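Read through the structure below, which is laid out as structure tokens, and then see the notes.
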Amino acid sequence: MASRLVLALAIFALVLGNGNAQLSTNFYSSSCPKLFSTVRSTVQSAISKEARMGASLLRLFFHDCFVNGCDGSILLDDTSNFTGEKNANPNRNSARGFEVIDAIKTAVEKVCPGVVSCADILAVAARDSVNILKGPTWNVKLGRRDARTASQSAANNGIPPPTSNLNQLISRFSALGLSTKDLVALAGGHTIGQARCTSFRARLYNESNIEASFATSRKTNCPRASGTGDNNLAPLDLQTPTAFDNNYFRNLVQNKGLLHSDQQLFNGGSTDSIVRGYASNPTSFSSDFVSAMIKMGDISPLTGSNGEIRKNCRRIN
């Protein structure tokens, strides 16, 4: 009987060691009590210098979680041993905010060295970015560890491009355990931030489900010819690009979605009713966005003895 108990405990320990431990909102409450205040002050400082940075940090978390789970892999620089995710098509010349994550990591290492993962720092920075830009807040689940590798091909295949149609979006989100409602709510993150001309040029010049005056105004900064003005920026939400609100959905109802993938959410398909709901009820959007962010943060985290706690977010230990 005693030997069976020992065996059972050994198996239990093995299971935990293999990374099946659960994320929790109080993971660092004793090991790094100053974590939240440290992250928030650094994010606040970065957003004060450039309001767009909040959207960039939110996007980093999204692009991390959609590639082999929320494991900090997007933060790794390329090395001679592997090609990371930073130069994948969805990230090259567009993913940004890495220096802010570096600054947060440096500050966190000062108050509790070797304790907090870069993957968790990304999750907290995304939450704080939304909240600082007048959006909701939530209790972030923590306990992720950092990946020791990254995959450019997984990033190319895993992150939905702005050319995606509705079925492709639903399918990709569903594969990660995210519902159609989660998809629409998370797309509402486009209520902040900007996009490059290369991401919306084809929509401006080739699509008919776009409000005429909106298209005309955007064309002034995004010429038809490829190679001219490719990196010129336009706000994803015309009205309040630095405030987290529901104007993104109001724009979609008026055919003023900047990206093809944005307008696909309101184009006579199954998500029209969700978009209308969020356009008329900002509280409903906020609450569904929070639920979807928490669900997204649960995608395939490394826990227990898997992965590592990186000292520098750009390279493995």
### Message
For region 186-219, which positions are among the hydrophobic types (A, V, I, L, M, F, W, C), under 15 Å from K256 (Cβ atoms) and in contact with a strand residue (DSSP E or B) (Cβ under 8 Å, 6 or more places away or on another chain)?
### Response
A195, F200
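Condition check ((1) outside any loop (DSSP other than H, G, I, E, B); (2) surrounded by 15 or more Cβ atoms within 10 Å (Cβ to Cβ)) across all residues:
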{"residue": "S45", "(1), (2)": "yes, no"}
{"residue": "A55", "(1), (2)": "yes, yes"}
{"residue": "N68", "(1), (2)": "no, yes"}
{"residue": "I74", "(1), (2)": "yes, yes"}
{"residue": "D78", "(1), (2)": "no, no"}
{"residue": "F82", "(1), (2)": "no, no"}
{"residue": "K86", "(1), (2)": "no, yes"}
{"residue": "P90", "(1), (2)": "no, yes"}
{"residue": "E99", "(1), (2)": "yes, no"}
### Task
Show the residue pairs that are 6+ apart or on different chains and have beta-carbon atoms under 8 Å apart, the first residue being within region 46-59 and under 12 Å from I101 (Cα atoms) and β-branched (V, I, T), the second being modelled with pLDDT under 95 and buried (at least 24 other Cβ atoms within 10 Å of the Cβ).
none
### Query
Out of all the residues in region 106-141, which are touching a strand residue (DSSP E or B) at 6+ places or on another chain (Cβ under 7 Å) and not in a helix (DSSP H, G or I)?
S117, K141
### Message
Whether any residue in region 18-25 is hydroxyl-bearing (S, T, Y), outside any helix (DSSP H, G or I), more than 16 Å from A103 (Cβ to Cβ) and at pLDDT 95 or above is what I want to check.
### Response
yes
### Filter result for L178 (among the aliphatic types (A, V, I, L, M), outside any helix (DSSP H, G or I), closer than 26 Å to R203 by Cβ and in the same structural domain as D262 (by the TED database))
yes
### Task
Take region 251-281 and flag every residue that is surrounded by fewer than 17 Cβ atoms within 10 Å (Cβ to Cβ) and within 27 Å of A125 (Cα to Cα).
N281
### Task
Taking only region 205-240 into account, find how many residues are at pLDDT 95 or above, part of a loop (DSSP other than H, G, I, E, B), within 30 Å of F285 (Cα to Cα) and not polar (S, T, N, Q).
5
### Summary
So, first residue without any contact (Cβ under 8 Å) to a residue 12 or more places away in the chain in region 283-311, second residue of a type in the set (S, T, Y), Cβ within less than 7 Å, six or more apart or across chains; the pairs are S284/Y278
### Query
Taking region 188-230 on its own, how many of its residues are open to solvent by less than 20 Å² (accessible area, probe 1.4 Å), within 20 Å of the chain's Cα centre (by Cα) and within 23 Å of I274 (Cα to Cα)?
5
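S41: modelled with pLDDT of 95 or more, open to solvent by 80 Å² or more (accessible area, probe 1.4 Å) and under 19 Å from I104 (Cα atoms), yes or no? Walk me through how you get there before you give the answer.
Working: modelled with pLDDT of 95 or more: yes; open to solvent by 80 Å² or more (accessible area, probe 1.4 Å): no; under 19 Å from I104 (Cα atoms): yes.
In short, no.
Restricting attention to region 93-106, does a residue exist that is over 21 Å from N312 (Cβ atoms) and at pLDDT below 95?
yes
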## Note on the structure
Taking region 308-317 and the residues there that are in contact with a Gly (Cβ under 8 Å, 6 or more places away or on another chain) and of a type outside the set (A, V, I, L, M, F, W, C), the one that is surrounded by the fewest Cβ atoms within 10 Å (Cβ to Cβ) would be K311
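The values are calculated or read from the model by the stated rules, or taken from the named source; none is laboratory data. Since we're looking at a predicted model, the values are computed, not measured. With ideal geometry, Cβ positions are generated from the backbone for all residues, glycine too; neighbour counts draw on all protein chains shown. The area values use the complete protein model at the heavy-atom level, side chains included, leaving out ligands, DNA and RNA. Shrake-Rupley method; radii C 1.70, N 1.55, O 1.52, S 1.80 Å.
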